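The structure appears right after this line, and notes come after that.
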Amino acid sequence: MTDQKPDRTLDTDFFRRWLTAATAMVEREAGRLTELDSAIGDADHGSNLQRGFRSVMTELGRESPDGPGAVLVMAGRQLISTVGGASGPLYGTLLRRTGKALGDAPEVTAEQFTEAFRAGVAAVAQLGGAKAGDKTMLDALEPAAEALGTSFGAAAEAAEKGALATVPLQARKGRASYLGERSIGHQDPGATSSALLVAALADTAEATP
Amino acid sequence: MKMLINVPETVVADALRGMAAAHPELSVDVANRVVVRRDAPVAGQVGVVSGGGSGHEPLHGGFVGPGMLSAACPGEVFTSPVPDQMVRAAAAVDSGAGVLFVVKNYTGDVLNFDMAAELAEDEGIQVAKVLVNDDVAVTDSLYTAGRRGTGATLFVEKLAGAAAEEGAPLEHVEAIARRVNDRSRSFGVALSAVTTPAKGSPTFDLPEGELELGIGIHGEPGRERRAMMTSREIADFAVHTVVEDLLPSGPVIVLVNGMGGTPLLELYGFNAEVQRVLTEQRVPVARTLVGNYVTSLDMAGCSVTLCQVDEELLRLWDAPVQTAALRWGR
C-alpha cells in the first residue's frame, strides 16, 4: 500500500466508477448482509441496499451529473428516495453531504475528498445521534475517514477492522439495540455494508492510474 | 417456507393492487405507494397521515377512511417508507388545516418522517408530528433507540382521526394523539419467528417448547426467552408488566392483538385471561378490541395494549369509523 498523494486528482468518472463498484459489491454481498441483519435486525439490509444502489445505477445511466460533487449528491438523493428504513437517510446523507462539501469543481484532490468524506461522516453521526462504539455504521466509517488521510487502502482496512470490532459490542442505536445484551456476538450489518462501500472506493483507486 | 406470492420484489405492489380492487372507496397509488381516502382533502379537516414498513397489515392502509387515517404510506416489508411518499400523502390530504404525522418510534421511521416534514413545510403545508412509543419491553431507553411503537398506534390513529373528523384544529388533534400515546402501554410475546419474503426462512430460531417475551413487530427476537407458558401465564405476565408501567387510575380500552399467525380462537381465549387479570388488578375495562391489527407477517403470538381513557377519549373511540379493517357507528 502506497501513501496517498494529497494532490492526486479525482474526476467525475472516478466517482461514477466508485458507485458502480459499490453496487457490484452490494449485489455480491446482499445475502450476507441480510443474514447478518436477521441475527440482530429484521433481515432486509442486503435487499434494501440492493434496491437503492440499483436505482442509483439507473439514474446515473439516465442523467450525466457534472462533477464529482453532483454525482454524489445525485446518488445520495436517490438512496433517500428508494431505500427507506434508517439506512436510506443515513447512507443518503453520507453521499449527499460528501458531495455538497465537494462543491461543483470538475475535479477534486484526494485531500479535498478526505475533508468532504469526513464532513459526510459527521453528518451521519449528527442525523443518527450515534457515536463510535454504539455498534452502527459509524464504527466502520469513522476509522475509515481517519485513515483516508493516509491512503484509500488504509481506509478500507480500517473500515473492515472497525466492522469486525462490532462483534463484541452491545448495540445502543437502531433496531439491534432492542436486543440488549443479546446483540453481543454479532457483526453489525450497517458497519459491514459501510466497510464494503469503502472497499469499493479503495478498489476504484487501485484501478485508477 | 412456502408463501402465497409471485416474487419477493413485488409483494407490496401486488398487495396494493389487490387492495385497490377490493376498496373502491380508497384511492390507491400503486406506483408511488400512497393510500388515500377518496374524498380527500376534506374541507376544514386536519389530515392524519401515517406509514411504516409493510408486513403489519391491516396497519396502516387498512385504517384509512372517514374517522381514522386520511392517508397511509406503506414501505417495503419491515422498512420505513421514503420521504417522497409522505410528502405526496400530505399534499393529497391537506385542506389548508394542516397535517399530523403519526410516527412509530423506530430509527428509520423517525428519520424519514423528519425529512418529509421539512419538505412538506417547504411546500407550505403545516405539519405536526407525534411519536408512538408504547412498548414497555424496552426498559433501558437511555441505551437503546427508545421504546418502540406497537399496538398503541391503533389507538392514536383512531382517536386522532376521530378528532380530525369532528373538525378539531391541528393543535387539538396533535394534543389528542400525544395524550393517547402517553396513556398507552403494550407488551408482546412471540410463539414463532417470522419469515420475511426477502429471506424466505425464519428470522430467528425459536424451538418448539419455548417463547420470546418482549418482542417488537419486526421479527426481531425479544429480550428474554422462556419455556412455553399457558395462555393464563402469558396473560398474567403481560398484563402485570403493562399495568406496573402504566399505573392506570381509571378505565382502560384493551387491545388484545394477534401478531398474524395466531387464530382468533386462541386470541379470544387469551382475552378471557387478560380480563381476569385486569379484574384482579381492579382495572376497570371500558371497551375491548380483539383481533389481528398490528401484525408481524406470519408470526404466532400476541400483544396486550391498554389505553387509559377519559370521557373525551372514550367518546372519540365510539365515534363512527369507516375503514377496511375497523368500522362501526353511523
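Read the figures in this text as sums done on the coordinates, not as results from a lab. Small disclaimer: the values here were computed from a predicted structure and weren't measured. With ideal geometry, Cβ positions are generated from the backbone for all residues, glycine too; neighbour counts draw on all protein chains shown.
With the cut-off at 1.5 for a/c, could you classify the protein assembly as shown from its C-alpha gyration tensor as rounded, prolate or oblate?
It comes out prolate by the Cα gyration axes.
Near the amide H of residue B:48, under 5 Å away, which other amide H atoms are found, from residues 5 or more places off or on another chain, if H is placed in the peptide plane?
Residues meeting the criterion, in which the H sits 1.01 Å from N, are B:70, B:71, B:100.
Divide by every residue of chain B the summed helix terms, -39500 (n - 2.57) for each DSSP H run of at least 4, and state the resulting mean residue ellipticity at 222 nm, rounded to the nearest 500 deg cm²/dmol.
Counting only the DSSP helices, I get -10500 deg cm²/dmol.
For chain A, treating each Cα as an identical point scatterer without solvent, what Debye log10 I(q)/I(0) comes out at q = 0.10 1/Å?
Scattering profile of chain A, log10 relative to I(0): -0.37.
Test of understanding: ordering B:218, B:60 by Cβ neighbours within 10 Å, fewest first, what list do you get?
In order of increasing Cβ crowding within 10 Å: B:218, B:60.
State the answer as a single residue: which of A:39, A:95, A:106 lies farthest towards the positive end of the charge dipole of region A:6-154, with beta carbon charges of +1 for Lys and Arg and -1 for Asp and Glu, about the Cα centre.
My answer, from the dipole projection, is A:39.
At a 10 angstrom cut-off on C-beta neighbours, averaged per residue, how do the peptides B:133-139, B:245-251, A:145-151 rank from highest to lowest?
Going by the mean number of other Cβ atoms within 10 Å, highest first, we get B:133-139, A:145-151, B:245-251.
With the alpha-carbon atoms as the only input, what is the per residue convex hull volume for region B:184-314 in Å³?
98
Can you count the Lys pairs in region A:9-204 with C-alpha separation below 19 Å, eight or more apart or on different chains?
Lysine pairs, 8 or more places apart or on different chains, close enough: 4.
Based on Cβ point charges of +1 for Lys and Arg and -1 for Asp and Glu, what charge dipole magnitude is obtained for region B:74-204 about its Cα centre, in debye rounded to the nearest 20?
Here region B:74-204 has a charge dipole of around 640 debye.
What lysines could a cross-link reach from residue B:158, if we take a straight Cα to Cα line under 21 Å and drop same-chain neighbours fewer than 8 places away?
Partners within reach: B:104, B:129.
Can you tell me how much longer the chain between residue B:32 and residue B:226 gets when fully stretched, taken as 0.36 nm per residue apart minus their C-alpha distance, in nm with one decimal?
Fully extending the segment from residue B:32 to residue B:226 adds 65.6 nm.
Per-residue Cβ counts within 10 Å, from other chains only, averaged over B:103-111: what number is that?
6
At 7 Å along the Cα-to-beta-carbon direction for both residue B:20 and residue B:318, put a label point, then send me their distance in nm to one decimal.
4.0
Hey, got the dipole for the protein assembly as shown? About the Cα centre, +1 on K and R Cβ, -1 on D and E Cβ, debye to the nearest 20?
For this selection, approximately 700 debye.
In nm, what is the difference between 0.36 nm times the number of residues separating residue A:7 and residue A:119 and their Cα-Cα distance?
38.4 nm
Can you pull the mean other chain C-beta count within 10 Å for peptide A:166-179?
Shielding by partners across A:166-179 averages 5.
Can you tell me how region B:115-182 classifies by the Cα gyration tensor, rounded, prolate or oblate, using a/c under 1.5 as the rounded cut?
oblate
Do you know the relative contact order of chain B, to the nearest whole percent, from alpha carbon pairs under 8 angstrom that are 6+ apart?
18
Taking residue B:2 as the anchor, which lysines have their alpha carbon closer than 28 Å to its alpha carbon, excluding any fewer than eight residues away along the same chain?
Straight-distance partners of residue B:2: B:199.
Quick one: order B:280, A:115, B:210 by neighbouring beta-carbon count within 10 Å, fewest to most.
B:280, B:210, A:115
Sort B:153, B:144 so that the residue with the fewest other Cβ atoms within 10 Å of its own Cβ comes first and the one with the most comes last.
Least crowded to most crowded, the residues run B:144, B:153.
Residues in region B:212-244 near a label at residue B:3, defined as backbone nitrogen under 16 Å from the 7 Å Cα→Cβ point?
Residues passing the 16 Å test: B:218-220.
Specify which residue in the list B:155, B:50, B:87 is farthest towards the positive end of the charge dipole of the protein assembly as shown, using unit charges on the beta carbon of Lys, Arg (+1) and Asp, Glu (-1), about the Cα centre.
B:155
Roughly how far apart, in whole Å, are the Cα centres of region A:105-123 and region B:1-19?
42
At residue A:104 and residue B:95, where each label point lies 7 Å from the Cα along Cα→Cβ, what is the point-to-point distance in nanometres?
It is 4.4 nm.
Where the only charges are on Cβ atoms (+1 Lys, Arg; -1 Asp, Glu), what is the dipole of region B:184-314 about its Cα centre, to the nearest 20 debye?
My answer is approximately 80 debye.
No solvent, one uniform scatterer per C-alpha: report log10 I(q)/I(0) for chain B via the Debye equation at q = 0.08, 0.10, 0.16 1/Å, two decimals.
The calculated log intensity ratios at q = 0.08, 0.10, 0.16 Å⁻¹ are -0.33, -0.53, -1.40.
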